[in-house]
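Structure first, then comments.
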Amino acid sequence: MSDLQWNKKFALEQAGDDLDLLTELLDLLRSSSRGDLQKIKVAMQAGDGNGIADAAHSIKGAAASLGFEGLRAVAYEFEKRGRAAELTNLDPAVLEDIILALDDIAV
């Protein structure tokens with residue numbers, strides 16, 4: 001969970017101090033991040049830097065909106081390297097490990 005670097009207080013503020021809403025938002029983040037991760041994997045196979053960048057941008061924004069700085073930072077790195085077509089040694093497993101760690105988050 002430390003890789004996520006979650007600011008729970010910020011996330012709760014974003015949800016208007018509503019724990020049920022925060023739970024829903026976390027579920028959406030889990031789901032959308034997994035979908036975007038699949039897009040990144042497909043784009044990696046195709047050598048599609050822009051596809052990687054677009055999916056990583058989506059993860060980055062969702063993570064930032066809920067205070068997951070670690071996930072945001074890794075997604076930003078994927079976005080930046082995808083846009084620059086610097087795909088060598090870009091390992092989606094790094095991003096996947098952090099996304100899977102979202103499952104351990106309880107509100």
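Every number here is computed from the coordinates shown, using simple stated rules; none is lab data. Note that the structure is predicted; figures quoted are calculated from it, not measured. Here the Cβ positions follow ideal geometry from the backbone for every residue, glycine too, while neighbour counts run over all protein chains shown.
Annotations for the structure displayed:
- The modelled label-to-label distance for the pair LEU100/LYS41, using points 7 Å beyond Cα in the direction of Cβ, is 1.1 nm.
- What the phi angles of region 89-100 give under the Karplus curve with 6.51, -1.76 and 1.60, with θ = phi - 60°, is a coupling list of 6, 8, 10, x, 5, 5, 5, 4, 4, 5, 4, 5 Hz, glycine and proline written as x.
- Acute angle (nearest 10 degrees) that the helix 69-83 long axis makes with the longest principal axis of the chain, alpha-carbon atoms: 20
- Summing charges over neighbours of GLN14, with a neighbour being any other residue whose Cβ is under 15 Å away from its Cβ, gives -4 when K and R count +1 and D and E count -1.
- Between helix 19-46 and the chain: long-axis angle, C-alpha atoms, 0 to 90°, nearest 10: 10
- Electrostatic bookkeeping for ARG34 treats Lys and Arg as +1 and Asp and Glu as -1; over the other residues with beta carbon under 12 Å from its beta carbon, the sum is -1.
- Among SER58, SER31, the ranking by other beta carbons within 10 Å of each residue's beta carbon, starting with the fewest, stands as SER31, SER58.
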